[in-house]
1. I'd like the full set of residues that are among the aromatic types (Phe, Trp, Tyr) and modelled with pLDDT of 85 or more, limited to the stretch 577-615.
2. I'm checking my understanding of the structure. Among residues of the stretch 235-253 that are assigned to a helix (DSSP H, G or I) and within 22 Å of the chain's Cα centre (by Cα), which one is nearest to residue 16 (Cα to Cα)?
3. Among the residues of the stretch 498-547, write down those that are under 30 Å from residue 450 (Cα atoms) and either of a type in the set (Ser, Thr, Tyr) or surrounded by fewer than 17 Cβ atoms within 10 Å (Cβ to Cβ) (or both).
4. For the stretch 277-286, give me each residue that is within 16 Å of residue 189 (Cβ to Cβ) and either of a type in the set (A, V, I, L, M, F, W, C) or touching a helix residue (DSSP H, G or I) at 6+ places or on another chain (Cβ under 6 Å) (or both).
5. Name the single residue, out of those in the stretch 215-234 being in a loop (DSSP other than H, G, I, E, B) and touching a helix residue (DSSP H, G or I) at 6+ places or on another chain (Cβ under 7 Å), that is farthest from residue 17 (Cα to Cα).
6. Do we have residue 643 as closer than 23 Å to residue 587 by Cβ and either at pLDDT below 85 or within 29 Å of the chain's Cα centre (by Cα) (or both) here?
Amino acid sequence: MAEKKPYYITTAIAYASGTPHIGNTYEAIMADAIARFKRYQGYDVFFQTGTDEHGQKIEEKAFEAEITPKEFVDRTAGRIRRIWDCVNTSYDKFIRTTDDYHEKQIQKIFRKMYDKGDIYKSSYEGMYCTPCESFWTESQLKDGCCPDCGRPVKPAKEEAYFFRMSKYADRLIEYINTHPGFIQPESRKNEMMNNFLLPGLQDLCVSRTSFKWGIPVDFDPKHVVYVWLDALSNYITGIGYDADGNPTEQFGKFWPADLHLIGKDIIRFHTIYWPIFLMSLDVPLPKKVFGHPWLLQGGEKMSKSKGNVIYAEDLVKIFGVDAVRYFVLHEMPYDNDGVITWELVTERTNSDLANTLGNLVNRTISMSNKYFGGVVKRTGATEAVDDDLKAVVTGTAARVAAKMDDLRVADAITEIFTLFKRCNKYIDETTPWALAKDEAKADRLSEVLYNLTESIMIGASILASFLPETADRIAAQLRGKLRDYEDLEKFGLYEDGTKVTETPEILFARIDWKEIAPQIDEIRANQKAEYEAEQARVAAVYAKHGLTPQGAPLAKDAAADAKAAANATSAADASAQPAATDAVIDVEPKDEITYEDFAKMQFRVGVILECEEVPKSKKLLCSKVQVGSKVYQIVSGIKQHYSAAEMVGKRVMVLANLKPAKLAGIESEGMLLCAEDADGNLSLMTPEKAMPAGAEIL
């Protein structure tokens, strides 16, 4: 067997300052579809995604949450990973820029660039955008705001290290001109050349001293590495790059990356800064950077303040995973922004998934059961109309592959649904219900149903890269095997005489807007309430420190009023909790144990990476808990006291050597320790200080 050709695909790593909305999640779904299709074609695929966890914005968010930056990113990284899993992404590695091996390599990369003379020390004075972690000159601002995100900027002056961008500018221009596929779509390439490279590059600030949450420059530790140099380098550190010249076999196999899939808003960092950093390191450039468009809510960017944010988890609860995957993959144009609304998702689910696909599968199985007891057989009773169906079906894989090679994912999935539409047309052309009335035409009817079943199996096989659960469900109902890629152009491999399922499953139920509208109204109302509560809580945190939410000192009278309000809020929060210091409770004592009995139990500190509700259970939550290098799955009866969302990121006490047991059909590998008061209120036991995951409790 020939060795598989490697294919390395990455998403931009998600900034761990908050929860990604569906516009951010789209990128992970698109990358997953590409990765799955490449695997299907026989490539050895490595799909990397992850979280970007350093920078001033993270430091500020942690301050607002009144926890350490590490605790904050542990919480948000777990939430992001849970969302990626929720939409069924098949990533091979989830990197975090707080991973120890990554941080060590960033320090070595920085030193290597410095020793080469590409980084030098100076000072910077300009306008700084905290959300984008970017410096700007006055001339670069748009209406006095950041040209990238449109938010306000602040004057900043500090000592910093700079990268000599101009040293590599001509070399990068030549590379782009001689590698026309490097930046896609073409419009992004023109933007980078005309707006940035050709006018001349300024040297880039690559360190900061005004905040601490970053990777220290090891030879000048008051500086932390600029977040973009840190974040971009994940693409090589994650597969084993070593700045000392000792890379892993994996790095040699997969680099240069075949595709960096990113949002169009960060195209400059990936097509100018990143290639120049790689040139400095004498590392080959990635083969392609694709800047995908945005998914807009009703034509507007999603924003909590506007109240128009849509989250993947909310969509999945109402429509299901594959309906959400279908919508974002099908509705996003190659170059222009796409639009999402709850109404549009409903419409597409009904028209394309329920009608075109679901109804096709249901009708075919039902007719096989009605006319032949579910047995699908070839008879050779062919007619000319069959040829056109077979031509469309057997030609679909090549058309899909061509679209995927060009990263036109929406067009690729359209080709698959063209196959299903052709099947529906074939039913209208052959009229099986009319054939069934004439016994002399039984062989023809059997052949028609075989052709439909075989066509659906081929279509489902191609669909598996895009809607994997749906493809598996179709194959299970037809009791067939999804086709290998090299067999997609062969018609007739469905085993003659196979009996389909007796009762076809509804793949996609039609959605009644009137039924889901109240759920959507509730989601919107909850989001608004959560946003307003969060704004008030953050304002109270700043007020306790005598600051406005923008970080400016409060006026004297305002500071006193705000501090009083903050203290009142804290007191109200405290009164809502059971008294901790003055209340006592007696419980019935258990039999004495010896130290040897106690020594058999191993208690350790764990960090909750993911948590979800156990279906059909009123009490149980299922958590993925990092304890040392192992991740435990632990089921706990605490759902009435903690939501799944608030569990993520917590440091907890774990009984780590408890014999695994099944609860509600789910294996539980340990126990989370809780305290319980006389009223049955539970509180997770947590370490007083931030202890590392895996620390033993003695």
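1. The answer is 603, and nothing else.
2. 235
3. Result: 498, 499, 501, 502, 503, 505, 506, 509, 510.
4. Of everything in the stretch 277-286, just one residue is within 16 Å of residue 189 (Cβ to Cβ) and either of a type in the set (A, V, I, L, M, F, W, C) or touching a helix residue (DSSP H, G or I) at 6+ places or on another chain (Cβ under 6 Å) (or both), namely 285.
5. The qualifying residue farthest from residue 17 (Cα to Cα) is 219.
6. no
Matching residues to (1) surrounded by fewer than 18 Cβ atoms within 10 Å (Cβ to Cβ); (2) under 29 Å from residue 125 (Cα atoms); (3) in contact (Cβ under 8 Å) with a residue 60 or more places away in the chain; (4) in contact with an Asp or Glu (Cβ under 9 Å, 6 or more places away or on another chain):
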residue	(1), (2), (3), (4)
154	yes, yes, no, no
157	yes, yes, no, yes
160	no, yes, yes, no
166	yes, yes, no, yes
175	yes, no, yes, no
178	yes, no, no, no
182	no, no, yes, no
194	yes, yes, no, no
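Let's see how each residue does on (1) surrounded by fewer than 22 Cβ atoms within 10 Å (Cβ to Cβ); (2) farther than 23 Å from residue 237 by Cα; (3) over 15 Å from the mean Cα position of the chain (by Cα):
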{"site": "18", "(1), (2), (3)": "yes, yes, no"}
{"site": "47", "(1), (2), (3)": "no, no, no"}
{"site": "55", "(1), (2), (3)": "no, no, yes"}
{"site": "62", "(1), (2), (3)": "yes, yes, yes"}
{"site": "70", "(1), (2), (3)": "yes, no, yes"}
{"site": "76", "(1), (2), (3)": "no, no, no"}
{"site": "91", "(1), (2), (3)": "yes, no, no"}
{"site": "94", "(1), (2), (3)": "yes, no, no"}
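The values are calculated or read from the model by the stated rules, or taken from the named source; none is laboratory data. Note that the structure is a prediction, hence the values are computed from the model and not measured. Backbone-built Cβ (ideal geometry, glycine too); neighbour counts: all protein chains shown.
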